[in-house]
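Heads up, the thing below is written out as structure tokens.
The values are calculated or read from the model by the stated rules, or taken from the named source; none is laboratory data. Every value quoted in this text rests on a predicted model; they were computed, and no experiment measured them. Neighbour counts are summed over all protein chains in view; Cβ atoms, including those assigned to glycine, are modelled from backbone coordinates with ideal geometry. The protein model used for the area step is the full one, side chains on, heavy atoms only, and it has no ligands, DNA or RNA in it. Shrake-Rupley method; radii C 1.70, N 1.55, O 1.52, S 1.80 Å.
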Amino acid sequence: MSCRGLLPETNSTDKGLPASLLGILRNEGAWLEDKGICFRCRSSLSPIEPPYCLLCGRHVPQPGHCPECERETSFVLSRSYGKYEGVLRDLLHRFKFSREDELITILASCLHEAWDLHLAHFPIDWLVPVPIHAERLKERGYNQAERLALHLSSYTKIPCLPALRRHLHLKGQATRDRKERIQALQGTFVCDLQYVSEIQGKRILLVDDIYTTGSTAEACAKGLMDAGVEQVYVITVAR
């Protein structure tokens, strides 16, 4: 739970509530307990509202491209569930850096909703998670993007393929602007040779946890396109 409060079933404030309302709360709590989040925190999670930037999927005042996306990219479009703020930011941060693995359920459900809203009508052949460097994997214990991709694969029945490798471990990306990030990431992601034949001519959905400047998505998409992929789409939990 993001607020770290009690779920409705065990909340002492339930005492004295009307039976009808108590039943609703308990039913909600049963569903939410399985997701690892309370009703109040879950209600604060909501998809990004339209209209969207045609490329990155952020909310814009009117349909079209946002100022950051008046550029040519290697991917067709990117879509995210919600904004990287509040409860969603806290959940992603704890899942990514604090090894709170149980949060995968609620984050995956957000990703499923983003798929249903934005990408279910596209003919995707493979899901490919954004890889992390072996050094970072050793530190963190798992690749959060891979965990999300596997959940999305189970939901969509589209196979997941670890087709990308990251052969450079970069530090200090958070302090760089978009242009600096893109320059630093050039050539960082390459297609694993054993999967080249599997992805050539295919449509790929790149899966990650967060879309910030789009530099990682661009670098990954470039690596896939260089290997012969037909089209690359991107999906993330937040942006």
### Query
Given a 1.4 Å probe and the protein chains all in place, what does the accessible area of SER197 round to, in Å² to the nearest 10?
90 Å²
### Query
How do SER44, SER215 stack up against each other in accessible area, from largest to smallest, with a 1.4 angstrom probe?
SER44, SER215
#### Entry: Residue-span extension gain [HIS133 to LEU193] - 0.36 nm each, minus C-alpha spacing
19.9 nm
### Task
Binning at 10 Å from 0, report for the range 72-175 what percent of all alpha-carbon pair distances ends up in each bin.
13, 42, 38, 7
### Query
Between ASP101 and SER154, what is the spin-label point distance in nm, taking each point 7 Å from the Cα along the Cα→C-beta axis?
1.3 nm
### Message
Run the paramagnetic zone check for MET225: 7 angstrom along Cα to Cβ, then residues of the range 54-87 with backbone nitrogen under 13 Å.
### Response
71-78
### Task
Note the full-extension length gain between ARG203 and SER46 as 0.36 nm times their separation in residues minus their Cα-Cα distance, in nm to one decimal.
53.7 nm
### Summary
Sorting TRP115, TRP126 on solvent-accessible surface, 1.4 Å probe, most exposed first, gives TRP126, TRP115
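For SER80, SER74, give the ranking by accessible area with the largest first, probe 1.4 Å.
Greatest to least solvent exposure: SER74, SER80.
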## Note on the structure
Scalar couplings 3J(HN,Hα) for the range 48-53 by Karplus 6.51 cos²θ - 1.76 cosθ + 1.60 (θ = phi - 60°), nearest whole Hz, x for Gly and Pro, are 4, 7, x, x, 10, 4
